[in-house]
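One structure is given here, and the rest of the page talks about it.
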Amino acid sequence: MGAGRRRSLFRRYVVNLAAAIAIPVMIGGASEAWFGYQDQRARVDELLRAEARLAVERIQVFLDGIRDSLGWAVQLPWEAGTGQDAARRLDALRVMRQVPSIAALAVLDGAGQERVAVSRLELDRTGRRTSPAAGPAAAGTLRGNGAAWFGPVTFERGSEPYMTIAVAGNRAAAGVAVAQVNLKFVWEVVSAIRVGETGYAFVLDDRGQLIAHPDLSLVLRGEAAIRGFEALRAAALRDLGSLVVTTDAAGHHVAAIALPVQGVNWTVVTTQPLTEAFAVVRAATWRAASLLALGALIAMALAFGLARRMAEPIQVLEAGVRRVGAGHFDYRIEVRTGDELERLATSVNEMAAELAASQEKGERIARLRRFLAPQVAELVEQAGADRLLEGRRQEVVAVFGDLRGFTGLAARVEPEVVMRVLTEYHAVLGAAVARHGATLTGFTGDGFMALVNAPVRCATPALTALQLALDLQAAMQALLPEWRRRGHTAGFGTGLAMGPAMVGSIGCAGRLDYTAVGSVVNLAARLCALARDGQVLCDEGVASAGRAAGIPITTVGPLDVRGFEGRIVVFAAANETAAAEQPLSGMARPAALPGPVDGPVSEDSPAAGLAVPTPAGPG
């Protein structure tokens, strides 16, 4: 029964979520396609109408220009016996030069008799005669002063279209100008019109004959080309001025619109292939279909995943507890059922948060133990690491140590051998620092730096630091014979100094180190650089604490230390009297020792790579 309920719930979530996503996408896609089609149809209508109107205006300007030019030839009345034929012939020739589309021009007097006839193909004529060709034109125009008459379109020799245009003067005595116009020049008007990439315009007369078309060969074919435009002409004239969808002469579906040319009963038709006109709508339809398919897939995936989680909260709890038990304390169980299962998930999340806090505390202590003794790390954690590790001025004892001859050793043996030597060295070093509760601020290669009295204070910092140095020196002297037995020649020297310094964490956001900055650190590094194998060199503060505790202290002598004013009195601790009595390496020319801050640091220096610059070691 429970399983059936879960299956029913799962099915219900799948269906509802799929419907919630797929139906709006479907409605949106259909709406976008419909409104996109309507908008694009309006844009196509506007574009075709604008181009057709432009063609009509250009043709109208073309015809008006011819009419005005012809009217200029019949401005003055004919007077009997004045011999005006020659002058009127010059006027006619001037009109033909101005209007190249006029193939022939005849000027009739007020009685309807031809007085002047000029042509591009025939000989010019002057004198009174009756022109049978001009008779119908003259009869059509003389009915009204200043009127114009446009004859039907004819095809000379069955190809080129011509039309007769007659214009009467303002007075009947001025006569009539009759012109034969070659309509092939209208082609220049429509051939310049482009609708989109492949759309075009053409002109038909009242009988459906093709007058102008971008493909001039169709026009020159005359009536043979009419049959291909019958369907397009019929559809365009049926809805004159409206956008229609029909087929062109090639059988392609096109959008077309037709506008009339006033006065001559011509029709200008502009067309554009549907594939181009509605390419945007087609792309939008495909896009909507793609979104619908993608939405359906997303709906099914979301429905399956969400229904499975909602129908099986116990499995979610089980998986969450298993992950928390595996140590993923940052994992949170998401159950939103509003019942006991949700409260149980909240309890498990609270338990995981407490475990995460405990783990974070342990990791913080582990990080402190990198440079603090375990017991000191515990004290720092209890007191608050942020407060104790923040920068402050404090009296500290800086301890530096360095292997002698390490550079030559590293050059002679394989890297694996060097790593084994360093591992043994660091094990001795870490054990000594931990026993005395010092702070190991860092070590690199064969050198190290440690602090006493920071960050946790101690009662006798100088004595503790000196005992640390002696203990470490004893441990290293016990290890060196074994190294020599393996053929590794090395030694170990130590330097200590006590004084005030700035201590605290320093570094960047992803990496912080605890260290000290001050002249006491530089002095300890200088003393370490002077110390020979087995020596523990210290300043007067540390030496005084050692004498008070009964530790043998020997005065090495005042030395010039670069970077410090005056001569520094240096002391050697423990039973190293014999070594201290021998001259120190480099002591004969103390001025040649590298400076505390601005001098170079060699790879054998105890301070190489640490928080403060230190002098080069003797290794």
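The values are calculated or read from the model by the stated rules, or taken from the named source; none is laboratory data. Predicted model, so just to flag it, every value in this text is computed and none were measured. Please note: Cβ atoms are built from the backbone with ideal geometry, for glycine as well, and neighbour counts cover all protein chains shown. Only protein heavy atoms, including side chains, enter the accessible area calculation; ligands, DNA and RNA are left aside. Shrake-Rupley method; radii C 1.70, N 1.55, O 1.52, S 1.80 Å.
For the range 250-273, the count of residues that are touching a His at 6+ places or on another chain (Cβ under 9 Å), modelled with pLDDT under 80 and open to solvent by 30 Å² or more (accessible area, probe 1.4 Å) is zero.
All conditions in (1) part of a helix (DSSP H, G or I); (2) farther than 30 Å from Leu204 by Cα; (3) of a type in the set (S, T, N, Q) hold for Thr275, with the sole exception of (2).
Reported count of residues in the range 147-205, each being closer than 20 Å to Asn265 by Cα, touching a residue at least 40 places away in the same chain (Cβ under 8 Å) and among the polar types (S, T, N, Q), is 2.
Being within 54 Å of the chain's Cα centre (by Cα) and basic (Lys, Arg): is that true of Arg194 here? Give the steps one after another, and end with the answer.
Values: within 54 Å of the chain's Cα centre (by Cα): yes; basic (Lys, Arg): yes.
Yes: the conditions hold for Arg194.
You will find that of Val428, Val418, Val413, the residue that is at pLDDT 90 or above and under 20 Å from Ala531 (Cα atoms) is Val428 and no other.
Just to be sure before I move on: is Gly437 crowded, with 17+ Cβ neighbours inside 10 Å, in contact with a Cys (Cβ under 9 Å, 6 or more places away or on another chain), modelled with pLDDT under 90 and closer than 27 Å to Ala574 by Cα in the structure I sent? So Gly437 passes the test.
Among the residues of the range 278-285, is any farther than 19 Å from Leu54 by Cβ, touching a residue at least 60 places away in the same chain (Cβ under 8 Å) and either exposed (fewer than 13 other Cβ atoms within 10 Å of the Cβ) or more than 48 Å from the chain's Cα centre (by Cα) (or both)?
Restricting attention to the range 278-285, the residues satisfying the condition of being farther than 19 Å from Leu54 by Cβ are 278-285.
Within this subset, residues satisfying the condition of being touching a residue at least 60 places away in the same chain (Cβ under 8 Å) are 278, 280-281, 284-285.
After this cut, where a residue has to be either exposed (fewer than 13 other Cβ atoms within 10 Å of the Cβ) or more than 48 Å from the chain's Cα centre (by Cα) (or both) as well, the list is none.
Checking the range 278-285: not a single residue is farther than 19 Å from Leu54 by Cβ, touching a residue at least 60 places away in the same chain (Cβ under 8 Å) and either exposed (fewer than 13 other Cβ atoms within 10 Å of the Cβ) or more than 48 Å from the chain's Cα centre (by Cα) (or both).
The selection criterion, being modelled with pLDDT of 90 or more and crowded, with 21+ Cβ neighbours inside 10 Å, holds for Thr494. Val254 satisfies every condition listed in (1) within 39 Å of the chain's Cα centre (by Cα); (2) not in a helix (DSSP H, G or I) except (1). Just one of (1) in contact with a strand residue (DSSP E or B) (Cβ under 6 Å, 6 or more places away or on another chain); (2) surrounded by fewer than 24 Cβ atoms within 10 Å (Cβ to Cβ); (3) over 19 Å from Gly445 (Cβ atoms) fails for Val536. It is (2). Using the structure shown, decide if Ala459 is surrounded by fewer than 19 Cβ atoms within 10 Å (Cβ to Cβ) and part of a loop (DSSP other than H, G, I, E, B). Taking the combined requirement at face value, the residue satisfies it. Please verify whether Arg58 is at pLDDT 80 or above, outside any loop (DSSP other than H, G, I, E, B) and closer than 30 Å to Ala255 by Cα, treating the condition exactly as stated. Judged against the criteria, Arg58 is a match.
Taking the condition of being open to solvent by 30 Å² or more (accessible area, probe 1.4 Å) and farther than 29 Å from Ile59 by Cβ, how many residues in the range 95-111 meet it? Walk me through how you get there before you give the answer.
Residues of the range 95-111 open to solvent by 30 Å² or more (accessible area, probe 1.4 Å): 97-98, 100, 110-111.
Now narrow it down to the ones that are farther than 29 Å from Ile59 by Cβ: 110-111.
Final tally of qualifying residues: 2.
Criterion applied to Phe406, Phe371, Phe400, Phe448 was being aromatic (Phe, Trp, Tyr), out of contact with any strand residue (DSSP E or B) (no Cβ under 7 Å at 6 or more places or on another chain) and either open to solvent by less than 30 Å² (accessible area, probe 1.4 Å) or at pLDDT 90 or above (or both), and the one residue passing it is Phe406. Screening Ala92 on (1) in a helix (DSSP H, G or I); (2) at pLDDT 80 or above; (3) open to solvent by 30 Å² or more (accessible area, probe 1.4 Å) shows it passes everything except condition (3). Those helices (runs of 4 or more DSSP H) of the range 519-606 in which at least 3 residues are in contact with a helix residue (DSSP H, G or I) (Cβ under 8 Å, 6 or more places away or on another chain) and at pLDDT 90 or above, considering only elements entirely within it, cover 540-548. Among the residues of the range 209-228, those identified as modelled with pLDDT under 75, out of contact with any Phe, Trp or Tyr (no Cβ under 6 Å at 6 or more places or on another chain) and open to solvent by less than 10 Å² (accessible area, probe 1.4 Å) are Val219, Ala225. Between Thr489, Thr464, Thr515, the distinction of being open to solvent by less than 30 Å² (accessible area, probe 1.4 Å), polar (S, T, N, Q) and not in a helix (DSSP H, G or I) belongs to Thr515 only.
Consider Ala465 carefully, then state whether it is at pLDDT 90 or above and in contact with a helix residue (DSSP H, G or I) (Cβ under 9 Å, 6 or more places away or on another chain). Explain how you work it out, then say what you get.
Working: at pLDDT 90 or above: yes; in contact with a helix residue (DSSP H, G or I) (Cβ under 9 Å, 6 or more places away or on another chain): yes.
The answer is yes for Ala465.
Filter the range 18-51 for residues that are over 30 Å from Val269 (Cα atoms) and surrounded by fewer than 18 Cβ atoms within 10 Å (Cβ to Cβ) and give the result. Talk me through it step by step, then tell me what you get.
Kept after step one, since they are over 30 Å from Val269 (Cα atoms), are these residues of the range 18-51: 18-32.
Scanning the range 18-51 gives Ala19, Ala20, Ile23, Pro24, Met26, Ile27, Gly28, Ala30, Ser31, Glu32.
Taking the range 161-207 as the region of interest, how many residues are in a strand (DSSP E or B) and of a type in the set (Gly, Ala, Ser)? Talk me through it step by step, then tell me what you get.
Residues of the range 161-207 that are in a strand (DSSP E or B), as a first pass: 161-168, 176-182, 195, 199-204.
Pick out the ones that are also of a type in the set (Gly, Ala, Ser) and you get 166, 168, 177, 179, 199, 201.
Of the residues in that region, 6 qualify.
Residues of the range 312-343 that are loosely packed, with under 15 Cβ neighbours inside 10 Å, of a type outside the set (D, E, K, R) and closer than 14 Å to Ala356 by Cβ: Gly325, Ala326, Gly327, His328.
Considering only residues that are over 17 Å from Ala531 (Cα atoms) and in contact (Cβ under 8 Å) with a residue 24 or more places away in the chain, look in the range 553-574 and name the one that is nearest to the chain's Cα centre (by Cα). Per the criteria, the residue is Gly563.
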